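Since the structure comes first, as structure tokens, the remarks are kept for the end.
The values are calculated or read from the model by the stated rules, or taken from the named source; none is laboratory data. Worth saying up front: this structure is predicted, and the values here are computed from it rather than measured. We place every Cβ from the backbone using ideal geometry, glycine too, and count neighbours over all the protein chains shown.
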Amino acid sequence: MLAYLWIGVGGALGSMARHWSNSAVASIAGVDFPWGTLVINVLGSFVIGFAAATMNADGRFPANNDARQFVMVGICGGYTTFSAFSLQTMTLMQGGQWLAAAGNVGLSVGLCMIGVWLGYLAGLALAPK
């Protein structure tokens, strides 16, 4: 039962960070393309990869299951925005912006896979020797 509380707190923190991040990116890059969602998903992928590598029993920062769920399910789940990505991609398609929609899918999937891989490698680099 306590795990749900930690996941909820992490989700609230992640959601607030997502809103702030999206606003910050939009003020820099504009709103013609969903750059905020892309940046959020890449960063969230990095964080979950890093947590997966560092918070396990053999990692640099071994943590109990509640702490792992707080970060990986709560914070990362509240922060990343795959549902928003899907809606924004559909909106681009409905507007006839097929190239932008395909670019959003390709960039999001490709860069998030790179983000999770780099986060995992960064976490492994901190593993106790």
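Residues in the stretch 78-107 that are closer than 29 Å to Ile7 by Cβ, of a type in the set (Gly, Ala, Ser) and at pLDDT 95 or above: Gly78 alone. Residues that are without any contact (Cβ under 8 Å) to a residue 24 or more places away in the chain and not charged (D, E, K, R) within the stretch 115-129 comprise just one, Ala125.
Looking at the stretch 44-81 only, could you name the residues that are assigned to a loop (DSSP other than H, G, I, E, B) and acidic (Asp, Glu)? Within the stretch 44-81, just Asp58 meets the criteria. Inclusion of Ala63 among residues that are out of contact with any Cys (no Cβ under 7 Å at 6 or more places or on another chain), at pLDDT 95 or above, within 30 Å of Lys129 (Cβ to Cβ) and buried (at least 16 other Cβ atoms within 10 Å of the Cβ) is warranted.
Restricting the first member to the stretch 17-34 and to residues that are among the hydrophobic types (A, V, I, L, M, F, W, C), and the second to residues that are surrounded by 11 or more Cβ atoms within 10 Å (Cβ to Cβ) and in a helix (DSSP H, G or I), the beta-carbon pairs closer than 6 Å and six or more apart or on different chains are Ala17/Tyr79; Val25/Trp35; Val25/Gly36; Val25/Val39; Ala26/Gly36; Ala29/Trp35.
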